[in-house]
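Below is one structure; the comments refer to it alone.
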Amino acid sequence: MEYLTMDVKIIENNKGQSLFEFILLLPVLLGFSTILIRINTAIQISIVNQQFTRDQLGILINNSVGFSLSFIFFNKIFKVG
C-alpha cells in the first residue's frame with residue numbers, strides 16, 4: 001500500500017509575527033478594557049446615588065415634625081427603649 005506524501009516546507013522566518021499578532025489583538029484588548037471601565041463606572045455611580053438617597057431620606061426623616069411625633073407616640077405605646 002502506497003501513501004501519498006507531500007513535501008512541506010518549514011518556514012523559519014518568524015520576523016514580524018509577534019507584531020502582527022499584537023496588531024490583530026489590540027482592538028480586542030482595547031474593547032475589553034473599555035467595557036470593564038464602563039461597567040466599573042456604572043457600579044460606582046449606582047453606589048454613590050444609593051448613598052446620596054439614603055442620606056437625603058435620613059435628613060428628611062430626622063427634620064420632619066410628623067415623623068418625630070409618630071416616633072414618640074410609637075415609643076410610648078410599645079415601650080421601646
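The values are calculated or read from the model by the stated rules, or taken from the named source; none is laboratory data. Quick caveat, the model's predicted, so the values are computed rather than measured. Every residue, glycine as well, gets a Cβ built from its backbone with ideal geometry; the counts of neighbours run over all protein chains shown.
Within the range 18-59, can you find the residues that are polar (S, T, N, Q) and surrounded by 10 or more Cβ atoms within 10 Å (Cβ to Cβ)?
In the first step, residues of the range 18-59 are kept if they are polar (S, T, N, Q); the result is 18, 33-34, 40-41, 44, 46, 49-51, 53, 56.
Ser33, Thr34, Asn40, Thr41, Gln44, Ser46, Asn49, Gln50, Gln51, Thr53, Gln56, listed by residue number.
Among the residues that make up the range 65-76, is at least one of them in a loop (DSSP other than H, G, I, E, B) and at pLDDT below 95?
Residues of the range 65-76 in a loop (DSSP other than H, G, I, E, B): none.
Checking the range 65-76: not a single residue is in a loop (DSSP other than H, G, I, E, B) and at pLDDT below 95.
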